[in-house]
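Read-outs throughout are calculated quantities, based only on the coordinates presented, and are distinct from any laboratory measurement. All values reported here derive from a predicted model rather than from experimental measurement. Ideal geometry is used to build each Cβ from the backbone, glycine not excepted, and the neighbour counts take in all protein chains shown.
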Amino acid sequence: MKIFTSRLLSDVALTHAFTCKKNNNLAFHVGDNEDHVISNHKALALSLKYSYNNLIHMKQIHSNKVVRVNTEYSFLTPIECDAIITNQTNTPLMVMTADCTPVLLYDKNTHAIAAVHAGRAGAFQNIIKNSIALMTEQFNSKSENIIAVLGPSICQHCYEVNEKIYEEAKHWGYSSSVKHKNNAFFLHVNQILMQQLQECGITKPHIEVMEHCTSCENETFFSYRADGGITGRQAGIIMLRP
Ligand SMILES: [Zn+2]
């Protein structure tokens, strides 16, 4: 089973992965057969050695809402938000994407983790800052101990946006992350996320950007853009082991 892993998170004792088309679609809201989606989840759980019933995923709404989760949540109760945090073991957290950036956070000292859905809207509304703030509030996390990994997502070259979105980026203070070329605008979401992580106090050596573009590498990854809007979702997963 093909999965992608982070260099920084491979050095620590937790389970994590970024999936791709080889792991099939993991989302229920994209018109896929529900039984197939469940089997895809079961296969992934088996290969990463977690219990599929314990998996916590989200009904992602392109917000900056972050929720602390515990074992009361389960596979059958997805939460309406765009980031989840926990410090409990055996509680896999999942973010699903197809071009947006899946961000995994891990505090080496307090052993708190987060799975964050950061697309354009989440980046503009700084879901990164909210996630780290809630980790700090709930678990006393310190940003200098946090590792951040940006999983496969669409690159700036592939992410053409209209002028309205350029204006929006300007409004939020991110015009420098938009390239204007031949009457077209290209948004660099990961550059915004990198800036926000560093503004939160996470140091560059603790940030890893996985250099895979979902659109350039569309044979491997689900891409909302490259697949013409009808596509599945891959996932970023993180779990503390006992
Ligand atoms: Zn690309």
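Among the listed pairs LYS59/LYS108; LYS22/LYS59; LYS59/LYS142; LYS142/LYS164; LYS108/LYS179; LYS65/LYS179, which are separated by more than 30 Å between their Cα atoms?
In this structure, LYS142/LYS164; LYS108/LYS179 exceed 30 Å between Cα atoms.
What dipole magnitude, in Debye to the nearest 20, does the chain give about its Cα centre under +1 on Lys/Arg Cβ and -1 on Asp/Glu Cβ? Present the calculation step by step, with values, prior to reporting the outcome.
Values: 21 positive and 21 negative charges, 62 e Å.
My answer is approximately 300 debye.
What number does the chain give for Rg over Rh if you use C-alpha atoms and the Kirkwood radius?
Details: Rg = 16.8 Å, Rh = 17.8 Å.
That ratio is 0.95, to two decimals.
Where Lys and Arg each count +1 and Asp and Glu each count -1, what net charge lies around ALA123 among other residues with Cβ under 13 Å from its Cβ?
Cβ neighbours under 13 Å give a net charge of -2.
Towards the positive end of the charge dipole of region 7-240, with charges on Cβ (+1 Lys, Arg; -1 Asp, Glu), say which of LEU193, THR101, ASN145 has the farthest Cα.
Checked the options; the winner is ASN145.
Whose amide H sits under 5 Å from the amide H of PHE221, counting only residues 5 or more places off or on another chain, with H placed in the peptide plane?
Here the answer is LYS21, since their amide H atoms fall under 5 Å of that of PHE221.
Can you work out the Karplus-derived ³J(HN,Hα) for every residue in region 210-224? Use 6.51 cos²θ - 1.76 cosθ + 1.60 with θ = phi - 60°, whole Hz, and x for glycine or proline.
Rounded to whole hertz, the list is 6, 7, 10, 9, 5, 7, 4, 9, 5, 5, 8, 10, 5, 9, 4.
Starting from the exponent 0.38 and prefactor 2.2 Å, build the expected Rg for region 39-142 from its residue count and divide its actual Cα Rg by it.
Details: Rg = 13.1 Å, N = 104, 2.2 N^0.38 = 12.8 Å.
Computed over Cα atoms of region 39-142, the ratio equals 1.02.
Output needed: Cys residues of the chain lacking any neighbouring Cys C-beta below 4.7 Å, sorted by number.
Among the cysteines of the chain, those whose Cβ sits 4.7 Å or more from every other are CYS20, CYS81, CYS100, CYS158, CYS200.
How charged is the neighbourhood of VAL149? Take every other residue with its Cβ under 10 Å from the Cβ of VAL149, and add Lys/Arg as +1 and Asp/Glu as -1.
Taking every Cβ under 10 Å from that of VAL149, the sum is 0.
Please compute the length gained on full extension between LYS170 and HIS29, using 0.36 nm multiplied by the number of residues separating them and subtracting their Cα-Cα distance. Provide the component values of the computation, followed by the final result.
Working: separation 141, 0.36 × 141 = 50.76 nm, distance 3.19 nm.
The LYS170-HIS29 span can extend by a further 47.6 nm.
Would you mind computing, in nm to one decimal, how far apart the modelled labels at ILE230 and LYS49 are, each placed 7 Å from Cα along Cα→Cβ?
4.1 nm
What is the chain's relative contact order, in percent, from Cα pairs under 8 angstrom and six or more apart in sequence?
Working: 549 pairs, mean separation 64.6, N = 242.
This gives 27 percent for the chain.
Which whole-number percent is the relative contact order of region 108-191 (Cα, under 8 Å, 6+ apart)? Before the final figure, lay out each step's value.
Details: 73 pairs, mean separation 24.0, N = 84.
That works out to 29 percent.
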